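The values are calculated or read from the model by the stated rules, or taken from the named source; none is laboratory data. Since the structure is predicted, the reported quantities are computational estimates derived from the model, not experimental observations. Quick reminder, even Gly has a Cβ in these numbers, built from the backbone with ideal geometry, and neighbours come from all protein chains shown.
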Amino acid sequence: MENMPPDVSTETLRIRPPRHRLSPRFILWRTLNTFFWAVGVLGTLTVLYAWFSGIRPWLGPVTLFLAVVFAINVVFMPTYRYLVHRWETTDLAVYTLTGWVSREWRVIPISRIQSIDTIQGPMEQLLRLATVKVVTASREGKVTIEGIDAEAARQAVERLNEITQLIPGDAT
Amino acid sequence: MTGDPATLTPMSEVDGQPDAEAQPWQHLDIRVVWVNAAIFLFSLGTGLTELYLFPNGELWPLLIAAAFGILDTSVDLVRWATTRYRITDERVETRTGWLRREDRSVPRERIRSVDTTAKLRHRVAKLRIVHIGAGEERLASTFKLDALPKDRATELRDELIPGQRQEAAENEVVISKVRWHWVFYAMFQFWVILAAGIFLNACYWFMKTFGVDLLDIADALATKAHLGFTWTVVLVVLLSMPLGGAVLGAEFITKYWNFELVRTTDKGGALVTRQGLFSTQTVYREDRRIRGIHVHEPLVLRWMRLAQATVVTTGIHKLRNETAHILPRCPVEEVHQAARYVLPDGHNPLEAPLHRHPMGALRKRLLEATSQSLVLAALLYWLGATDVLPYWWWRIPVVLLPLTWAVVAISYTWLGHALVGPYVVFRTGALSKSTVALQSRAIAGWRLHQTIFQRIGKRITVGIPTAAGERYYHAPDAGTDQALALIKGATPWLAAEFIETVAPDEQGGRNAAH
């Protein structure tokens, strides 16, 4: 339209996926994670079902529905996510792609980074995985990269810390 | 930034300087204690008279008020006795506290702002509360001197910030002044009933101290007039509406008395609002912190063309009563007029034509609204069949469907985005049209979201995280091409990191976003 630069409207643009995949162990980690959640939630609901007869008419269908959702989540979701998720850090930006049914791309310029965290839960430690969390002044501008190899995470964070020190923050 | 070393320098270091000793320590004005005490005695006096005249009244609200009054007055006296301040050639220093001593010292070149406020009691005694700020991003201002004589406050401001004189009218442009018919706009609100409720509640407790129970009286009146429960409720609501309107009107008048929005060249350029009847409030919003402007237009008030404007700015402290509202609710033309001065670079982003989002966005919204209504109806039908809810409730969402469609259609026509010079403009909303113009420099990254249906329809939701205002602004369901062109236009350097240009012959195929 009238206020677009002319060269942009004639060419076709597309989103380039980030360079790196997660660690393949992400699939195992996510499966176990989802499995434990399923056991917890469905177990609680089953106990409630057995205990109180009054709520059975509506609790039955709800439990069944959740069981199906969890089954799909345990069997398909981790692999699917592994195929979709990507991440990348460059000298200018941190860039991720996440999701499975929906997709989400997030880009943060290095100059806006406020803090960089590496998180390793007990299961992640066992599987030599790590989660990298990059925080900016906006809650929606946070990037979380889950399930990358612990060594790769360490290197990436080290590099990010180096660059962030070089680039003066304009995080106002 | 709370642990800033410069603000926590121990006093002993400063005392060693010969120049510091030359300056005497100064006190606050004792009148603040007398005024507070006088107010307390007055309210205690009325309370006692009241108790004498109506011995059957409740005693405890009065006792609590008296206890608070005594506490307040003594705290005030201690504060006056233990607070002193001085301004040396290099520093501003205060010593406060009795049981917990606190010494504070800030270099003079770090002082960024000297603002004054005044409550009614201060105005009566010609006093001002002086807030001295060192520009740090925290809730309380660095120094608060409560209170100094009015002249001394002005003197202090001129001494600390020589450039900032409020009476210097030649470097100020008045952008907007309150118009008195705006008071009616303030009354057309959903809160009318609530305002009436709060007011009536206050009346109830106030009369209770006289031993009068308003609820009993109302009950007796209703019984006497032989009104049923429904009619009583209807009557109370109808009577409350004008009352609530009056309360809101009075609130508007006290808040926006002598309101003016001014652009000043002081402090490197700032937007200033001055307002208030009993307590005047002056807020500086520095230009270097302003990132854009945000306008809300409620759907219900479209026929009055009313709008509410806020500036998108960083470092707003809600607890310091600094709001982003730069105008009371007023006609949208007035807002656009003001916006030209608020963002004075001549781009007028709020008035620019916007790119429409693809028709698919409308189809998706209609489908979503319909399916959600039907699912809700099915759920209610099921709950009705199992006797959890009345059986006819499932009809409500079905009957409301046409209304839902109308709202959806309106919200689609509002959808839009544009890149106007250095501004990104997003317009969204269903029940309230929300238009935001955000400077490109405020963009702290991009967040693109695409559901499976959006992928099929070649649409995408574009979001901008930012450090200012609501901290996240988004344009739902933009066309993928539109979205990528917008990103490339607004932040070419960042777009180069994740958006690539495709030669016409290799289009299609492996492209995830298309």
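In table form, for the structure just shown:
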item: Residue among B:356, B:288 that alone is of a type in the set (Lys, Arg) and either more than 14 Å from chain A (Cβ to nearest Cβ) or in contact (Cβ under 8 Å) with a residue 60 or more places away in the chain (or both); result: B:356
item: Selected residue (only one of B:464, B:456 is under 30 Å from residue B:376 (Cβ atoms) and either hydrophobic (A, V, I, L, M, F, W, C) or touching a residue at least 12 places away in the same chain (Cβ under 8 Å) (or both)); result: B:456
item: Looking only at the range B:445-482, and only at residues there that are of a type in the set (Lys, Arg) and either more than 7 Å from chain A (Cβ to nearest Cβ) or part of a helix (DSSP H, G or I) (or both), the one that is surrounded by the most Cβ atoms within 10 Å (Cβ to Cβ); result: B:459
item: Every residue from the range B:418-444 that is buried (at least 20 other Cβ atoms within 10 Å of the Cβ), within 14 Å of another protein chain (Cβ to nearest Cβ) and in contact with a helix residue (DSSP H, G or I) (Cβ under 6 Å, 6 or more places away or on another chain); result: B:419, B:423, B:424, B:425, B:437, B:444
item: Residues of the range B:483-503 classified as at the interface with another protein chain (Cβ under 8 Å from one of its Cβ atoms) and assigned to a helix (DSSP H, G or I), total; result: 6
item: Cβ-Cβ under 7 Å pairs, at least 6 apart or on other chains, the range B:224-246 side more than 18 Å from residue B:201 (Cα to Cα), far side in a helix (DSSP H, G or I) and not small (Gly, Ala, Ser); result: B:227/B:235
item: Test set (1) in contact with a helix residue (DSSP H, G or I) (Cβ under 8 Å, 6 or more places away or on another chain); (2) of a type in the set (D, E, K, R); (3) within 30 Å of residue B:118 (Cα to Cα) - residue B:334 fails condition number; result: (1)
item: Residue list for the range A:100-138, restricted to those being touching a residue at least 12 places away in the same chain (Cβ under 8 Å) and within 8 Å of chain B (Cβ to nearest Cβ); result: A:103, A:105, A:106, A:107, A:108, A:109, A:112, A:136, A:137
item: Contacts under 8 angstrom Cβ, first residue in the range A:29-54 being touching a residue at least 40 places away in the same chain (Cβ under 8 Å) and in a helix (DSSP H, G or I), partner of a type in the set (Val, Ile, Thr) and surrounded by 11 or more Cβ atoms within 10 Å (Cβ to Cβ), 6 or more apart; result: A:31/A:74; A:34/A:74
item: Criterion (surrounded by fewer than 16 Cβ atoms within 10 Å (Cβ to Cβ) and of a type outside the set (S, T, N, Q)) met by exactly one of A:129, A:83, A:97; result: A:83
item: Residues located in the range B:344-368, provided they are under 26 Å from residue B:294 (Cβ atoms) and in contact with a helix residue (DSSP H, G or I) (Cβ under 7 Å, 6 or more places away or on another chain); result: B:348, B:350, B:351, B:355, B:361, B:362, B:364, B:365
item: Residue within the range B:400-414 that is over 19 Å from residue B:364 (Cα atoms) and either modelled with pLDDT of 95 or more or not in a helix (DSSP H, G or I) (or both) present; result: no
item: Test set (1) within 22 Å of residue A:121 (Cβ to Cβ); (2) touching a helix residue (DSSP H, G or I) at 6+ places or on another chain (Cβ under 9 Å) - residue A:40 fails condition number; result: (2)
item: Residues that are within 14 Å of chain A (Cβ to nearest Cβ) and surrounded by 14 or more Cβ atoms within 10 Å (Cβ to Cβ), drawn from the range B:364-396; result: B:364, B:379, B:380, B:381, B:382, B:383, B:384, B:389
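Yes/no per residue for (1) within 12 Å of chain B (Cβ to nearest Cβ); (2) closer than 30 Å to residue B:381 by Cβ:
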| residue | (1), (2) |
| --- | --- |
| A:26 | no, no |
| A:40 | no, no |
| A:43 | no, no |
| A:57 | yes, yes |
| A:70 | no, yes |
| A:77 | no, no |
| A:82 | no, no |
